[in-house]
Amino acid sequence: MATVTTTVPDLSGDTLTSWLQAEHKTLLDLLRAAWGVTLVSYTGSEDVWFRSYSQSGGNSWWHSHASATQPVRSLYEIQPRENAPEEKGKVVWGQSSVVFEGEGEGVQDIVKQFDLAVSFHQDTISISLQHNPAVIAPEQARMIAATAARAVAQIVRHNNSIISDLDLVSEADIARISQWNSIPYREIGRAECIHQVISVTASSRPSTTAVSSWDGDLTYGELERLSSALAVSLRHLGVRREVFVPLVFDKSKWAIVALLGVLKAGGAYFFLNPTHPVEYNKTLCKPFDIKLAVCSPKHHTLAQNFAPRFVELGSEAGEDLK
């Protein structure tokens, strides 16, 4: 087993101690909560299972359910389970990951049975992640450990918020993203519209993930089909060159489908933030002769303030496009 250790960012020992006392929680409670939300972020599932080992409480299954709208407090109110999940569709990491406390040969004998083992060091306010290098690459282990450490700090800091408010993007994530985007600009030899580039990608890699959102994922193939079907509908409704279409969505995979659909129809889009005052959004629409809006089902009433006609696009409405 190899080990990666990372410091929990922006969390002092005094702050941690005060939080644990105020919440009547143990370090293991906090670590289980952080590990649960870490697995959720890496698996893309709201339901994850893992094992937890303590010298006082033994070895047990733990189930973490973390949807975006749940309170953060629900993360550390999870309870142990006697048996592994049997339901189809559940993401089971219980046979590969364990959260543990304690030292000694007995503890290490337990830890060696797993591909990932996470522990917390209160003296240094850090997280250690032991991993099997044959299963988890060192760089990936470093990223997972950084996310878990970030999750600990965010849970303590945003205790009274909802889970979607947690910012799990670590400094290691930011560094990796910066590295990915450091590739020099290169001319592709011909001018293409963005929706044309996406269509080409959909032809060559239809099963590759194109959109990963809190409300679900879309492959390039799915994105191409949905946006093309929407474009046909929008053309019938008059969308073409020099026609502006406001989009009224919260953050959602359907917002991406909507903007591509408008572009494929030949129009231009702009987003209206549903949380902004109606009158302010109306001023954004004023320079254009708005005839049609595309919105989520949640905001169809709001969209009527900006256009005489609107197209709803969401989970149920999207089924009609398939």
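Throughout, read-outs are computed from the coordinates displayed, never taken from laboratory work. Source: prediction; values computed, not measured. Neighbour counts run over all protein chains shown; Cβ positions are idealised from the backbone, glycine included.
How would you rank 256-267, 1-12, highest first, on the average number of other Cβ atoms within 10 Å across their residues?
Numbers: 256-267: 23.2, 1-12: 15.3.
Answer by packing, highest mean first, reads 256-267, 1-12.
What the Cα convex hull of the chain gives, in volume per residue, is 181 Å³.
Sorting S199, S97 from the fewest to the most surrounding beta carbons within 10 angstrom yields S199, S97.
Give me the net charge for the shell around F310: Cβ to Cβ below 13 angstrom, other residues only, Lys and Arg +1, Asp and Glu -1.
Values: positive: K291, K298, R309; negative: E312.
Neighbourhood net charge equals +2.
With an 8 Å cut-off on Cα pairs and a minimum separation of 6 or more residues, tell me the relative contact order of the stretch 194-319 in percent. Mind dumping the intermediate values first?
Numbers: 204 pairs, mean separation 26.3, N = 126.
Worked out over the stretch 194-319, it gives 21 percent.
Remark on F310: its backbone amide H falls under 5 Å from those of A293, a criterion applied only to residues 5 or more positions apart or on other chains, H modelled at 1.01 Å from N.
Taking Cα centre as origin and charging only the Cβ of basic (Lys, Arg, +1) and acidic (Asp, Glu, -1) residues, the dipole magnitude of the chain rounds to 1380 debye.
In the chain, the DSSP-assigned H stretches of four residues or longer account for a calculated mean residue ellipticity at 222 nm of -11500 deg cm²/dmol, using -39500 (n - 2.57) per stretch and the full residue count as denominator.
When you restrict to C-alpha pairs under 8 Å that are six or more residues apart and normalise by the size of the chain, the relative contact order lands at 14 percent. Is there a pair in K253/K286; K112/K253; K251/K286; K112/K251 whose C-alpha atoms are over 31 Å apart, and which pairs would that be? From K253/K286; K112/K253; K251/K286; K112/K251, over 31 Å: K112/K253; K112/K251.
Within the shell of other residues whose beta carbon sits under 12 angstrom from the beta carbon of R240, the net charge comes to +3, with Lys and Arg scored +1 and Asp and Glu -1. Footprinting exposure proxy ranking of F270, F249, F244, fewest other C-beta atoms within 10 angstrom first, gives F270, F244, F249.
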